[in-house]
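Heads up, the thing below is written out as structure tokens.
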Amino acid sequence: MSDIDALKDEIKKLNARATAKKMDLHDLSEELPGGWEKILDVAQETYDAFKLLTEKRAELKALTS
């Protein structure tokens, strides 16, 4: 498997993780005010997931251009 294919597979997994974190954040918002103490943790996890996904997409773009 090439580096590009491996990166594409990693991006696919990261995209699924980011989407799941987005839904966690959405679900938490619907439960408010209950669970408000989880807001910062869930938001940080969501931020981290999307940040990593964005970085890997930029890495793939650099490899393929």
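Where a number appears in this text, it was derived from the coordinates with a stated rule and is not lab data. All of these numbers come straight from a predicted model, not from anything done at the bench. Positions of Cβ are generated from backbone atoms using ideal geometry, with glycine treated the same way; all protein chains shown enter the neighbour counts.
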Could you give the radius of gyration (one decimal) and Dmax (whole number) of the Cα atoms in the chain, in Å? 14.9, 48
Using alpha-carbon pairs under 8 Å, 6+ residues apart, how would you state the relative contact order of the chain in percent? 50
Residue-wise, which Karplus ³J(HN,Hα) couplings in Hz belong to segment 46-61, taking 6.51 cos²θ - 1.76 cosθ + 1.60, θ = phi - 60°, and x for glycine or proline? 5, 4, 4, 5, 6, 5, 5, 4, 5, 5, 5, 5, 5, 4, 5, 4
Cβ-placed point charges (K, R +1; D, E -1), dipole of the chain about Cα centre in debye, nearest 20: 320
Sticking with the crude label model, points 7 Å out along Cα→Cβ, report the distance from D5 to E37 in nm, one decimal please. 4.9
Quick one: what are the phi-derived ³J(HN,Hα) couplings along segment 20-31, Karplus 6.51/-1.76/1.60 with θ = phi - 60°, whole Hz, x for glycine and proline? 5, 5, 4, 5, 4, 5, 4, 4, 4, 5, 6, 8
Evaluate E = 1/(1 + (r/R0)^6) for E59 and M23, where r is the Cβ-Cβ distance and R0 equals 25 Å; express this FRET efficiency to the nearest 0.05. 0.50
Applied in sequence order to segment 34-44, the curve 6.51 cos²θ - 1.76 cosθ + 1.60 (Karplus, θ = phi - 60°) yields integer Hz couplings, x standing for Gly and Pro, of x, x, 4, 6, 8, 3, 5, 5, 5, 5, 5
Which one, L60, T19, A49, projects farthest toward the positive side of the charge dipole computed for the chain from Cβ point charges (K/R +1, D/E -1)? L60
